[in-house]
Each structure stands twice: as C-alpha cells, then as structure tokens.
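Below is one structure, written out as structure tokens; comments come after it.
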Amino acid sequence: MRVINSLFLSAALALPLAAPAFADNVITVTGEATVQVTPDMATISLGVTTDGASAAEAMAANSKALQAVIDRLKSAGIEDRDLQTSNLSLNPNWIGYDSGQTPKIAGYVASNMLSVRVRALDTLGSVLDASITDGANALNGITFDLAAPRPAQDEARKAAIADAKARAELLTSAAGVKLGKIESITESAGYGAPTPMFRDEKAAAAVPVASGQIGMSAAVTITYEIVE
C-alpha cells in the first residue's frame, strides 16, 4: 500500500500546474457627478440647559422651560412627528479643581436637547426666534435636506454614468482600441457637503437664516469590454 501511495504522489508532482485563466480585455472607469439643489427642509438641534441646588431642582426647572419651548414650537406649526428628544443629561457641577482644593459638588446641571424638523423653510427664522424667546438656550446647529431626494439623486446618477462613459471613450481612443459592451456597473452614492450659503431675503424673520444649496453626489464604476 505504501508503494502505491508513493507512485500516486510522484505522478501528482510530475503533472504541470494548470495555467491561471487570464481576464478578458476590459477597462474599468469611475464616473462622478454632483447636482446642486435647493433644500426644502431643515433640522435644528436645540434645547434647554438649567442648573439647581439639587438634581431634582435642576431637572424640574429644565422640564418646565423645555415644555414652554415645545408648546411655542407647536404653535409655530411644528408637528409632533417632527419633535424628538436627542439628548437628556443630568450632571453634578464640580468645583475646586483650579484652586487645588478637594473637588466638591456645587449644584447640578440638567440638559435636554431636541431635534426639530422644519418642513417650511420660510418659517425657519421665526421658529428659531420663538424657541429662544421661550427659553431655549442651547443651539447645536442646523442641517438642510430634501424631503424627497430621489429625483435629484437620480440626476446625479445619470450624470455620473455619462462621466464614466466619457472617460472610457477618451482612454480607449488614446490607446487605439474601441469600447465594447458593458460588463458590470457598481454604484456608491450619498449627500455631498453643502455649498457656501447665501442670504435668502425672502425668509424674513427675527433670526436671519441662509439655506444655500446642497450637493447630491453619485459615483458609478463601470467595466467595459475592449474591442481590438
């Protein structure tokens, strides 16, 4: 049995390895495009920060102030579905670090942040003014978006495909070959960064807000067959 195994092993080692399969002649290019669009909605991160001698006092003051802000936002046209708590915290206020003394608690700080979606941009300034008037003392930023981003995203996809094709045609022409059929298409897409803002004079409000434009970006990678 050992002799037979040795013969089989010798025969296997004597056989040449199969040659690797070479890929067909192809060219792979990536096309990119960004479509600039005017946003039609915004999301504000705002809230209330309060302090108190005790944790209960700080939280009670915070809840009262935030409820006033929510009531004012609703009276400004913000619906329940567009209000969401994004962060809630209650922490001791430690003092004594800088003086070298033993740190001790000097009251408590409560914070409650809201994510507020504003679907009518012409009311954005007045919404901000109303929330600040009724006690909101923390504002962490505003982001602009589209309620229905699909049409703009599809335009970016079309432009990205056209860009990929133009690149492929340029490269194959320079190489003296022809572009064949498409072998594969892959996509990665997302929002581009907002472009520099401009002042929207039509949005007359106590707090001036510039919505600017946002870029809807798409990237498409296409593999073409090369025809000699």
At q = 0.10, 0.11, 0.12, 0.22 Å⁻¹, what is the log10 ratio I(q)/I(0) for the range 41-145, with the Debye formula run over Cα points and no solvent? -0.33, -0.39, -0.45, -1.06
Which ordering of Ser115, Ser131 is given by a fewest-first count of other beta-carbon atoms within 10 Å? Ser115, Ser131
Working out 0.36 nm times the residue gap between Glu187 and Arg150, then minus their Cα-Cα distance, what length gain in nm do you get to one decimal? 11.8 nm
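Just so you know, all these numbers are worked out from the coordinates, no wet-lab data involved. It should be emphasised that the depicted structure is a prediction, and the values quoted were computed from it without experimental measurement. Reconstructed Cβ throughout: ideal geometry from the backbone, glycine too, with neighbour counts over all protein chains shown.
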